[in-house]
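Comments concern the structure below.
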Amino acid sequence: MEHRKEPFAITLDSPKATMALGAALARAMGPGDVLALSGDLGAGKTTLAQGFFAELGHPGEVISPTFALMAEYPGERPGLHVDAYRLTCADDAVELGLDEYIDAGWMLVVEWAEIIRDALPDDIVRVTLLHDGDARKAVLEGTGPRGRAIARTVAG
Ligand SMILES: Nc1ncnc2c1ncn2[C@@H]1O[C@H](COP(=O)(O)OP(=O)(O)O)[C@@H](O)[C@H]1O
Ligand SMILES: [Mg+2]
């Protein structure tokens, strides 16, 4: 039997498909897991985050926290939405106290994660969103065993 190998590439034909990927990631992730989103402006990062937080019980609530930097979605499975667009380096992110959220079992969804990569844990799941004509493509990969397990659950 053939198994798909990382990095996994998925075609997303509509915003709904992008949201469904976010929801699948939310189901696969657990306390303290981090989802790092990369991709140009308009690539679908916030749309994916909307699907993620809808799955956690917050449908219709999510906007990019570009100016607030982060938004809390507390609950039985608490999640933190971070937008690093306005940050310039990992040092800025340390002040946000992301480690404390992770230690407390919150799941993190980070837009523009590459800007603050050094402030994030080593073992995370990374999703890069790319324009593909009018549609989008998502590339999923883990940076360690836990991240790889999540990527495989969702896309393998
Ligand atoms: N798979 C897709 N196919 C086509 N359009 C999409 C897809 N996913 C998201 N979009 C649309 O792309 C636009 C930008 O999405 P957004 O999530 O705000 O991007 P970002 O946060 O990366 O800047 C939105 O209008 C959204 O509905
Ligand atoms: Mg956005």
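The values are calculated or read from the model by the stated rules, or taken from the named source; none is laboratory data. It should be emphasised that the depicted structure is a prediction, and the values quoted were computed from it without experimental measurement. Positions of Cβ are backbone-derived with ideal geometry, glycine not excepted, and every protein chain shown enters the neighbour counts.
Which residue pairs have Cβ atoms under 6 Å apart, sit 6 or more places apart or on different chains, and have a first residue in region 63-84 that is more than 13 Å from residue 52 (Cβ to Cβ) and a second that is assigned to a strand (DSSP E or B) and among the small types (Gly, Ala, Ser)?
That search, which allows pairs on different chains as well, returns 65/71.
Note down all Cβ pairs under 7 Å where the first residue falls in region 29-45 and is within 14 Å of residue 110 (Cβ to Cβ), the second is of a type in the set (Gly, Ala, Ser), and they're at least six residues apart or on different chains.
So the pair list comes out as 32/105; 36/113; 37/113; 38/113; 45/39.
Is it the case that region 53-67 has a residue that's modelled with pLDDT under 95 and over 25 Å from residue 14 (Cα atoms)?
Scanning region 53-67, I find at least one residue that is modelled with pLDDT under 95 and over 25 Å from residue 14 (Cα atoms), so the answer is yes.
Just checking, which of 83, 33 is over 30 Å from residue 134 (Cβ atoms) and of a type in the set (D, E, K, R)?
Numbers: 83 fails: over 30 Å from residue 134 (Cβ atoms).
It is 33.
What residue, among those in region 135-156 that are touching an Asp or Glu at 6+ places or on another chain (Cβ under 9 Å) and not in a helix (DSSP H, G or I), is farthest from residue 29 (Cα to Cα)?
This residue is 135.
Tell me which of these residue 97 doesn't satisfy, since it passes every other one: (1) out of contact with any Phe, Trp or Tyr (no Cβ under 8 Å at 6 or more places or on another chain); (2) in contact (Cβ under 8 Å) with a residue 60 or more places away in the chain.
(2)
For residue 11, which of the numbered conditions (1) away from ligand 2 (no atom under 13 Å from the Cβ); (2) closer than 18 Å to residue 139 by Cβ; (3) surrounded by 18 or more Cβ atoms within 10 Å (Cβ to Cβ); (4) of a type outside the set (Gly, Ala, Ser) fails to hold?
(3)
So which of 59, 78 ends up being over 16 Å from the mean Cα position of the chain (by Cα) and more than 16 Å from ligand 2 (Cβ to nearest atom)?
The match here is 59.
Inspect all residues belonging to region 100-107 and state whether any of them is within 17 Å of residue 22 (Cα to Cα) and more than 15 Å from ligand 2 (Cβ to nearest atom).
First, the residues of region 100-107 that are within 17 Å of residue 22 (Cα to Cα): 106-107.
Narrowing the set further to residues that are more than 15 Å from ligand 2 (Cβ to nearest atom) leaves 106-107.
For region 100-107, residues within 17 Å of residue 22 (Cα to Cα) and more than 15 Å from ligand 2 (Cβ to nearest atom): present.
Considering only region 15-100, give the helices (runs of 4 or more DSSP H) lying wholly within it that have at least 2 residues that are near ligand 1 (Cβ under 9 Å from one of its atoms).
So the answer is 15-28, 45-55.
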